[in-house]
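One structure is given here, and the rest of the page talks about it.
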Amino acid sequence: MDSATMQTRNLAFLLSEAAGRRSRAQATIPSGTGKVPAGTVIGELTATSGSFVPSPNAETVGVEGAEVAKAVLAYSVDATTADVEVTIIDRDAEAKLPMLTFDASVDDETKIAAKVAQLNAVGIRAR
């Protein structure tokens, strides 16, 4: 029997959100970011308000500002060759911590705890 790997399901990380879609906002994942799965912890670029990329552990040249986690990507996207308009969860929500995806530079428990604290600061509780 062949086995298959399932992709991350959209919004599967979400435990709860505020009424009336108050937890959701629109944003842009810039061209060149690549494929980004739902549930990825993202930070906003200082140079381009409203543009988000996976939040690295520390300040990184070219994605300044994104080192502070501010939201979670709601739906998987492919921003390899073009900017993509996306829905993000940016406030008043609870997320399943084991289902969140982090940038490759967030590679140990201390760094993950820092990202969880940053999300908590904007009203997203990771449990």
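The values are calculated or read from the model by the stated rules, or taken from the named source; none is laboratory data. As the structure is a prediction and not an experimental result, all values here were calculated from the model. Here the Cβ is made from the backbone with ideal geometry for all residues, glycine too, and neighbour counts use every protein chain on show. We work out accessible area using only protein heavy atoms, side chains counted, and drop any ligands, DNA or RNA first. Shrake-Rupley method; radii C 1.70, N 1.55, O 1.52, S 1.80 Å.
Number of residues in the stretch 51-78 that are under 20 Å from A12 (Cβ atoms) and either part of a strand (DSSP E or B) or of a type in the set (A, V, I, L, M, F, W, C) (or both): the value is 9. The conditions of being buried (at least 18 other Cβ atoms within 10 Å of the Cβ), modelled with pLDDT of 95 or more and among the β-branched types (V, I, T) are not met by I112. The numbered conditions (1) part of a loop (DSSP other than H, G, I, E, B); (2) of a type outside the set (D, E); (3) closer than 18 Å to Q118 by Cα are all true for S31 except (3).
Among the residues of the stretch 54-67, just one is touching a helix residue (DSSP H, G or I) at 6+ places or on another chain (Cβ under 7 Å) and under 17 Å from P30 (Cβ atoms), namely S55. Please verify whether V106 is touching a helix residue (DSSP H, G or I) at 6+ places or on another chain (Cβ under 9 Å) and part of a strand (DSSP E or B), treating the condition exactly as stated. It is false that V106 is touching a helix residue (DSSP H, G or I) at 6+ places or on another chain (Cβ under 9 Å) and part of a strand (DSSP E or B).
Any idea which residue in the stretch 33-49 is surrounded by the most Cβ atoms within 10 Å (Cβ to Cβ), counting only those that are more than 21 Å from A126 (Cα to Cα) and in contact (Cβ under 8 Å) with a residue 40 or more places away in the chain? Write out each step before concluding.
Keep residues of the stretch 33-49 that are more than 21 Å from A126 (Cα to Cα), which gives 33-35, 45-49.
Adding the requirement that they be in contact (Cβ under 8 Å) with a residue 40 or more places away in the chain leaves 33-35.
On the way: T33: 21, G34: 13, K35: 12.
Per the stated criteria, the residue is T33.
Restricting attention to the stretch 50-86, the residues that are surrounded by fewer than 18 Cβ atoms within 10 Å (Cβ to Cβ) and within 23 Å of E17 (Cβ to Cβ) add up to 6.
Residue count for the stretch 17-32 satisfying the condition of being touching a residue at least 12 places away in the same chain (Cβ under 8 Å) and open to solvent by 40 Å² or more (accessible area, probe 1.4 Å): 6. Considering only residues in the stretch 79-103 that are in a loop (DSSP other than H, G, I, E, B) and of a type in the set (A, V, I, L, M), the one that is nearest to the chain's Cα centre (by Cα) turns out to be L100.
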